[in-house]
Amino acid sequence: MGRVGDLLAASLDMGVAITALEEASGHDRWSLYRQFRAFYGVSPHRYLTMRRLDRAQQLIAKGESLAEAALASGFADQSHMTRWFQQAFGLSPGRWRGLFRASRR
């Protein structure tokens, strides 16, 4: 399952077709999903989304605008990133940026 995780992490900005994941793992999609969830604790889609959010946090912390961070992280737009960010972390990216900056002072 490590190869599948690596493939997902390397494809943040474009995503990966399930057939590519099947080839990388050597399993059919249903076995792949079950084994991936057992190994990582989340579905491949959730794993990809969380890696995208990790990248977005890194870019925001470096001073990128929210829109630039969203696009560079593989989200369709800033509002798409914001919805996932709020769901995952419980606050908006703008609010997170403010708290991050305040903690660095």
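For the stretch 1-55, the relative contact order comes to 38 percent (Cα pairs under 8 Å, sequence separation of at least 6). The candidate values are [x] 58; [y] 50; [z] 54; the one derived from this structure for percent of Cα pairs over 16 Å apart carries the label [x].
Run the helix sum for the chain: -39,500 (n - 2.57) per DSSP H stretch of 4+ residues, divided by residue count, reported at 222 nm to the nearest 500 deg cm²/dmol.
Calculated at 222 nm, the ellipticity per residue is -22000 deg cm²/dmol.
When the chain is described by a simple charge dipole with +1 on each Lys and Arg Cβ and -1 on each Asp and Glu Cβ, the residue from Ser65, Ser31, Val4 located farthest towards its positive end is Ser65.
Comparing Tyr40, Val16, Gln86 along the charge dipole axis of the chain, the residue lying farthest to the positive side is Gln86, per the Cβ-charge model. The slack in the chain from Gln35 to Ser11, taken as 0.36 nm per residue of separation less the alpha-carbon distance, amounts to 6.6 nm.
Can you sort Thr19, Thr49 by solvent-accessible area, 1.4 Å probe, largest first? Display every interim value, and only then the final one.
Working: Thr19 75, Thr49 5 Å².
Sorted by accessible area, descending: Thr19, Thr49.
For the chain, a crude dipole built from +1 on the beta carbon of Lys and Arg and -1 on the beta carbon of Asp and Glu, taken about the Cα centre, is about 600 debye to the nearest 20.
The values are calculated or read from the model by the stated rules, or taken from the named source; none is laboratory data. Everything quoted here is computed from the prediction, not taken from an experiment. Here the Cβ is made from the backbone with ideal geometry for all residues, glycine too, and neighbour counts use every protein chain on show. The protein model used for the area step is the full one, side chains on, heavy atoms only, and it has no ligands, DNA or RNA in it. Shrake-Rupley method; radii C 1.70, N 1.55, O 1.52, S 1.80 Å.
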